[in-house]
Amino acid sequence: MLDTTAMTDSRGLFSSNEISTLLEKFGIPSNEHIAVLIGKDGTEKFRWETEVNINELVDVIDEMPMRKQEIAQRGMRCSI
């Protein structure tokens, strides 16, 4: 979760410059609640402009090609 006022994230994983770059790259206004699922390839896979439903998030992830391969190999769904 990003705090665009303080330009920090909840885990301290990104610098303020990296946060600015992500906001610009994915077209996220600093005054709106938007969640973006970013794939391992760095591209946007899904966007929510309302509260994220965790079950919908899991379903979106489980439908991704790489995730389908993992499910086929391991036989399990995403668990949070």
Query raised in the report: Using every alpha carbon pair in region 9-58, what percent of pairs falls into each 5 Å bin from 0 up to the bin containing the largest distance?
Result: 4, 17, 25, 30, 19, 5, 0
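Give, in nm to one decimal, the length gained when the segment between Lys45 and Asn31 is fully stretched (0.36 nm per residue of separation minus the Cα-Cα distance). Mind dumping the intermediate values first?
Working: separation 14, 0.36 × 14 = 5.04 nm, distance 2.18 nm.
Fully extending the segment from Lys45 to Asn31 adds 2.9 nm.
Multiplying the sequence separation of Ile71 and Thr21 by 0.36 nm and subtracting their Cα-Cα distance, what value in nm do you get?
Gain on extension, Ile71 to Thr21, equals 14.7 nm.
Every number here is computed from the coordinates shown, using simple stated rules; none is lab data. What you see is a predicted model, and the numbers here were worked out from it, not measured in a lab.
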